[in-house]
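Structure first, then comments.
None of the figures in this text is laboratory data; all of them are computed from the coordinates on show. What you see is a predicted model, and the numbers here were worked out from it, not measured in a lab.
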Amino acid sequence: MDNDISPILDAWPYKEGAHIRRIGGAEGRDKLQVRLPMGIEQYEVDGRPDGMRPEGFESYLAYYQSIAEAEGACWELSQEAFTQLYEEGLLFYCRYLLFFQLGDYDLCVRDTTRNLELADFVSQRASSAAMSDAMEQYRPYILRMRAVSLAVRNAKEQNVKAALDVIAGAVEEIEKLPLIKTQIFKLEKTRSLVALRDLSAQLKRQEHAFHPEGVPAEGPLAMARVCHGTPPSRADRLKEELARAVADENYERAAGLRDELRRLSDEGAHPAH
């Protein structure tokens with residue numbers, strides 16, 4: 001009975017749109033918590049989101065970077081090392097989406113910048129083109145999320161010109177990306193360019209429409225939604241994971257994700273009274 005977390009769940013009922021919070025942890029470190037229909041996820045704010053220190057390092061990225069530096073230019077990633085890095089990147093992806101929803105744009109920038117560093121490292125040390133492509137296909141999306149976070153932060157500070165410059169730079173960078181022959185890359189490149197240009201147009205319309213406290217009339221999150229749609233829900237995150245599982249031909253994982261999406265859909269169609 002001591003392990004029953006029902007009192008914690010009862011004190012924080014699940015409600016879409018009010019299901020993420022930042023708390024002070026018992027060790028003096030802040031945590032992010034996500035209320036799910038059947039439980040709670042918890043993330044560290046700093047370091048690896050799960051709090052692990054692989055091989056004594058802050059992350060697998062830091063660990064393998066140290067090995068690459070020691071071994072020299074000929075060292076390449078093994079499949080096991082790549083899998084560890086890829087899965088670690090997913091943890092940071094989940095966390096930067098949470099930061100984005102909470103409006104912690106500086107932390108979203110920090111984690112998206114970190115995943116861009118991860119993509120650079122994998123591309124430099126990949127032992128096959130497929131390994132590199134598996135990471136590079138997400139670069140347009142990461143660049144988009146980083147640019148939006150920077151742009152919204154600047155807009156909140158009434159620096160619309162800086163926000164527009166960030167978006168223009170991201171659009172140019174995405175347009176110049178080498179072609180990756182995967183459906184995910186094509187989709188994310190197209191979506192990212194459209195979304196960033198839409199956000200730029202909205203910022204230009206709002207350039208002189210500010211509240212006294214310096215927030216655009218529609219609010220910074222409203223502008224962010226132009227780029228990302230409404231803040232990603234549990235279903236949004238599951239769909240992203242499903243796309244990755246299918247792309248990786250991990251059909252067992254994909255089947256499980258489809259089942260979970262169906263359960264969420266059924267809960268939405270038949271809410272409890």
Inset, instruction - Mind scanning Lys156/Lys204; Lys189/Lys239; Lys176/Lys204 and naming the pairs with a C-alpha gap bigger than 21 Å? - result: Lys176/Lys204
Legend entry - the range 184-190 - phi-based ³J(HN,Hα) in whole Hz, Karplus 6.51/-1.76/1.60, Gly and Pro as x: 4, 4, 4, 5, 5, 5, 5
Legend entry - Under 20 Å from Lys31, Cα to Cα: lysines that are on another chain or at least 8 residues apart: Lys15
